[in-house]
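The values are calculated or read from the model by the stated rules, or taken from the named source; none is laboratory data. Predicted model, so just to flag it, every value in this text is computed and none were measured. Using ideal geometry, Cβ is built from the backbone for each residue, glycine included, and neighbour counts are taken over all protein chains shown. With ligands, DNA and RNA removed, areas are computed over all heavy atoms of the protein, side chains included. Shrake-Rupley method; radii C 1.70, N 1.55, O 1.52, S 1.80 Å.
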Amino acid sequence: MSSHTSSTTIERTVSQPDDADVTSAVATARRQLEHAATHLDIDPNIVERLKHPAAVHEVTVPVERDDGSIDVFTGYRAHHDSVRGPFKGGLRYHPGVTREECIGLSMWMTWKCAVMDLPFGGAKGGIVVDPKELSEAEKERLTRRFTDEIRDIIGPNKDIPAPDMGTDSQTMSWIMDAYSMQEAETLPGVVTGKPPVIGGSYGREEAPGRSVALIAREACEYYDYPLEETTVAVQGFGSVGANAARLLDEWGATVVAVSDVNGAAYDPAGLDPHMIPSHDEEPEAVTDYADETIENDELLTLDVDLLIPAAIGDVITEANADSIQADLIVEGANGPTTFAADAILAERDIPVVPDILANAGGVTVSYFEWLQDINRRSWSLEEVQEQLDQEMLSAWDEVRAEVETRDVTWRDAAYIVALSRLVDAHANRGLWP
């Protein structure tokens, strides 16, 4: 087949969301930005720039199926802001992928990198496809063709994709190989989340869950909840939720509920999250290992000390925020709380530690992986975890200082830390031409 069948770049054409779009990722991200900006004396022109992506790339991805037929899929890659460094962000395979979602998630990646003080800007991408309906061979062909379609806009110093929903280390391996073959040199730094044998980092897969557990531990200590007396409910038992639940269990907390798309395992006396397979270990098997099950909606409203939404976006909404009984929420997923729900929870004095801090372990270890690839020197698992823990606790301290100094929510405090760095960077670089 010929390469680059269809590729268009759409720049700065995103309109303001209307009332029907108030819970979209981009609408939520913009509202959070505007709300946080009111706490800072900053140039409104820079805030306006940050409301828009630098570019959104849309490509057509034709793939030959195993039966010889051709299906055509749509792929996106949104670039939000690169004032502090190359674009960085996940790549998801999911039937619900949209242009607007990619823009919103790329904005969150910008804030996340800035909160962690990483030299990256935000990106996000995906293909509109249900990966469960593809064979392994079809998924490989899809990935390699998509890589070729976006090859001009990715690279170790341009944009570095990483795994997300529906993608994994194998996906990243195919991207790295396809890109390297076209560039005629091995360039492991083009993606992160690869297996260590081809330049991946030890500890990358469990990093988002580890950071969620670390931040949850610090938040519990801050609000005087001894972990040994803390009950936890985790919505979503993928890599993030499972790793967070298992670490918190090891540190003494009581995990009473975990869930997947089929429902939740529930035991008020405590579950053993090590005995329940994560989605990666055995897909959609949580309820098979449960003596008692409840619905996902019910898990979100359990009377627990700590709730960790670690599945998908927009699960805590205006419709259920008044029913939340948890004393503390730590976000494991990207954008699990809508803007309206956030306001209700703040009014009810339920602290919400945001995703851009809590699950930032993934992009932080991706940064470590990128450094290892550039320097051609691998780190041990112990080195990675030690560095990650230091970075997360440092970011926690900076956000906590803003909470205490300004008397704002955790989300506003995280945005204040991120915005301060982004505004300084934009002010120093200026606007060209």
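Key figures
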| quantity | calculated |
| --- | --- |
| Filtered residue count, the stretch 32-41, keeping only those that are surrounded by fewer than 18 Cβ atoms within 10 Å (Cβ to Cβ) and in contact (Cβ under 8 Å) with a residue 12 or more places away in the chain | 4 |
| Single residue of the stretch 250-276 satisfying the filter (of a type outside the set (A, V, I, L, M, F, W, C) and buried (at least 18 other Cβ atoms within 10 Å of the Cβ)) that is farthest from G238 (Cα to Cα) | T254 |
| All positions within the stretch 232-249 that are in contact with a strand residue (DSSP E or B) (Cβ under 9 Å, 6 or more places away or on another chain) and either assigned to a loop (DSSP other than H, G, I, E, B) or open to solvent by 40 Å² or more (accessible area, probe 1.4 Å) (or both) | G236, F237, G238, D249 |
| Subset of the stretch 118-142 that is of a type in the set (A, V, I, L, M) and touching a strand residue (DSSP E or B) at 6+ places or on another chain (Cβ under 9 Å) - its residue that is most open to solvent (accessible area, probe 1.4 Å) | V128 |
| Conditions (1) in contact with a Ser or Thr (Cβ under 6 Å, 6 or more places away or on another chain); (2) of a type in the set (D, E); (3) under 16 Å from G166 (Cβ atoms): number failed by E58 | (3) |
| Pairs with Cβ under 6 Å, 6+ apart, first in the stretch 74-85 and more than 14 Å from N428 (Cβ to Cβ), second acidic (D, E) and surrounded by fewer than 24 Cβ atoms within 10 Å (Cβ to Cβ) | Y76/E58 |
| Matching residues, the stretch 287-307, being open to solvent by 20 Å² or more (accessible area, probe 1.4 Å) and outside any loop (DSSP other than H, G, I, E, B) | T287, D288, Y289, T293, N296, D297, E298 |
| Residue, farthest from the chain's Cα centre (by Cα), within the stretch 161-183, restricted to residues that are among the hydroxyl-bearing types (S, T, Y) and open to solvent by less than 40 Å² (accessible area, probe 1.4 Å) | S180 |
| Count of the stretch 100-115 residues which are farther than 22 Å from G155 by Cβ and open to solvent by 10 Å² or more (accessible area, probe 1.4 Å) | 3 |
| Residue ID - farthest from the chain's Cα centre (by Cα), chosen from residues in the stretch 184-231 that are polar (S, T, N, Q) and surrounded by 22 or more Cβ atoms within 10 Å (Cβ to Cβ) | T230 |
| Failed item in (1) without any contact (Cβ under 8 Å) to a residue 60 or more places away in the chain; (2) closer than 23 Å to T171 by Cβ, with Y93 passing the rest | (1) |
| Positions within the stretch 248-302 being aromatic (F, W, Y) and under 19 Å from R210 (Cβ atoms), in sequence order | W251 |
| Selected residue [among the hydroxyl-bearing types (S, T, Y), under 27 Å from R30 (Cα atoms) and at pLDDT below 95] from T301, T337, T293 | T337 |
| Count of residues meeting criterion [open to solvent by 40 Å² or more (accessible area, probe 1.4 Å) and hydrophobic (A, V, I, L, M, F, W, C)] in the stretch 312-339 | 3 |
| Cross-chain or 6+ apart pairs with Cβ under 8 Å, the stretch 101-113 first and at positive phi and at pLDDT 95 or above, then open to solvent by 10 Å² or more (accessible area, probe 1.4 Å) and small (G, A, S) | none |
